[in-house]
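The structure under discussion appears below in the form of structure tokens.
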Amino acid sequence: MKVLVIGGGAREHALCRSFSLDPDVTALHCAPGNAGIAEVAELHQVDALDGAAVAALAGELAADLVVVGPEAPLVVGVADAVRAAGIPCFGPSKEAAQLEGSKAFAKDVMAAAGVPTARSYVCTTPEEIDTALDAFGAPYVVKDDGLAAGKGVVVTGDLEEARAHALSCDRVVIEEYLDGPEVSLFAITDGTTVLPLTPAQDFKRALDGDEGPNTGGMGAYSPLPWADPKLVDEVMATVLQPTVDELRRRGTPFSGLLYAGLAITSRGVRVIEFNARFGDPETQVVLARLKTPLARVLLHAANGTLDSEPPLNWRDDAAVTVVVAAHNYPGAPRTGDPIEGLDEVAAEDAPHAYVLHAGTRRDGDAIVSAGGRVLSVTATGKDLAEARERAYAAVARIRLDGSQHRTDIALKAAGE
Ligand code: AMP
Ligand code: GLY
């Protein structure tokens, strides 16, 4: 099978790494990719937001499967363009991707499907904003309706900060604060059959101890030793299957990766958000634990034949990933700084720990930073403590001027 992956983050590097180890994959292409993906896939330059260009590239490469990684191409309909060209594509249609593209749309689907989520108001005027903030009280949860790369959400006890963020959005969702640990659960679906992956936990705040601003994610781990073993079954029954059924009922079936961001509250599981693609950095730890070769499963999802797939197999190993971010992330990150120590990780820490590139590019002989989240170091071990130790040992070898990372990824869950 010839596979083309669209995107160029650590999530796409994790996907490409899995495909490069997959006996069903005979050729692997990625566009636009990054300096790390270039080591396992042939890179192509394409505007990932241009559906016609992506479909044309897939046609030239005679791709048997296109996997669209990030949300931005999905919400503009790149998967539709690929499918219209007769090429199987893993990723939802433009309409179904609204589940991530519009928080108001997601709330509407959840209400119709009876999926538990935070109570919310959708506001467009200052009066509506004040009424909603007043109705819920502090802590305030204020979400830009549209895509904002994980940075459109403000959770704050400060009424003025909440109001200022709300007023800066064209349309804003203001909702009830959900208390309790967060879990990310992914499911592969063809629009009818739903195949859950294994839960992971992401660390969204920039700084240790969950301080600082929200980011796209600073680290993740799996499994979750503290979680109820029935969690996956419960989320399948109350969240994933009803959401997939509701979108099919509306005539806009969701085929691709359905990402449920959940809060485990004292009153039960609640959806914080849906995404329409693999999460980053959770994918790095989920795929590190997946035993079943992935390409065939994604092809079945793309072709509407997922019911022929048996449940997925998982390793007993634990996995931890730590994101190394550029100076000043998540503000305006500094780019162009040389990254050193990558060869040392490959020589000293493989195969238990490895680097997945995100914002990197080759500059002559050097590899330099090219984005906010620069790379993520992923490690496996017999338990979270060992995986953590290996991940941080590898992080310590990486030298990037001004870089930052959290030191407490999986710390509590490892029982340390
Ligand atoms: P989202 O983009 O919706 O995932 O929001 C980003 C982060 O904001 C989440 O991972 C949570 O940490 C936090 N958050 C979002 N909604 C809520 C909520 N209703 N209650 C508490 N925290 C929230
Ligand atoms: N890790 C959060 C996300 O992928 O949106």
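The values are calculated or read from the model by the stated rules, or taken from the named source; none is laboratory data. For clarity, every value in this text was computed on a predicted model and none was experimentally measured. With ideal geometry, Cβ positions are generated from the backbone for all residues, glycine too; neighbour counts draw on all protein chains shown.
Candidates in segment 248-282 are the residues that are within 18 Å of residue 235 (Cβ to Cβ) and more than 16 Å from ligand 2 (Cβ to nearest atom); of these, the one that is nearest to the chain's Cα centre (by Cα) is 254. Considered as a group, the residues in segment 203-242 that are polar (S, T, N, Q) and within 20 Å of the chain's Cα centre (by Cα) include one that is nearest to ligand 1 (Cβ to nearest atom), and that residue is 214. Only residues that are of a type in the set (A, V, I, L, M), out of contact with any Lys or Arg (no Cβ under 9 Å at 6 or more places or on another chain) and under 28 Å from residue 218 (Cα atoms) were counted across segment 1-45, and they come to 9. Exactly one residue out of 260, 276 is more than 28 Å from residue 387 (Cα to Cα), within 14 Å of ligand 1 (Cβ to nearest atom) and not basic (Lys, Arg), and it is 276.
Where strands (runs of 3 or more DSSP E) sit wholly within segment 359-407, those with at least 1 residues that are over 20 Å from residue 288 (Cα atoms), of a type in the set (Gly, Ala, Ser) and touching a Ser or Thr at 6+ places or on another chain (Cβ under 6 Å) occupy 366-369. Please find, among 77, 101, 86, 51, the residue that is at pLDDT below 95 and either surrounded by fewer than 22 Cβ atoms within 10 Å (Cβ to Cβ) or farther than 20 Å from residue 356 by Cβ (or both). Only one candidate qualifies: 101.
Look at (1) of a type outside the set (Lys, Arg); (2) within 16 Å of ligand 1 (Cβ to nearest atom); (3) crowded, with 24+ Cβ neighbours inside 10 Å and you find that residue 268 fails only one, number (3). Cβ-Cβ distances below 7 Å connect no pair with a first residue in segment 289-311 that is free of Cβ contacts under 8 Å to residues at least 12 places away in the same chain, a second residue that is of a type in the set (Gly, Ala, Ser) and surrounded by 19 or more Cβ atoms within 10 Å (Cβ to Cβ), and a separation of six or more residues or different chains. Here residue 285 does not fit the description of being of a type in the set (Val, Ile, Thr), within 15 Å of ligand 2 (Cβ to nearest atom) and not in a helix (DSSP H, G or I).
A quick yes/no check of all residues on (1) more than 15 Å from residue 261 (Cβ to Cβ); (2) under 21 Å from the mean Cα position of the chain (by Cα); (3) within 16 Å of ligand 2 (Cβ to nearest atom):
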{"residue": "100", "(1), (2), (3)": "no, yes, yes"}
{"residue": "105", "(1), (2), (3)": "yes, yes, no"}
{"residue": "108", "(1), (2), (3)": "yes, no, no"}
{"residue": "113", "(1), (2), (3)": "yes, no, no"}
{"residue": "122", "(1), (2), (3)": "yes, no, no"}
{"residue": "126", "(1), (2), (3)": "yes, no, no"}
{"residue": "136", "(1), (2), (3)": "yes, no, no"}
{"residue": "140", "(1), (2), (3)": "yes, no, no"}
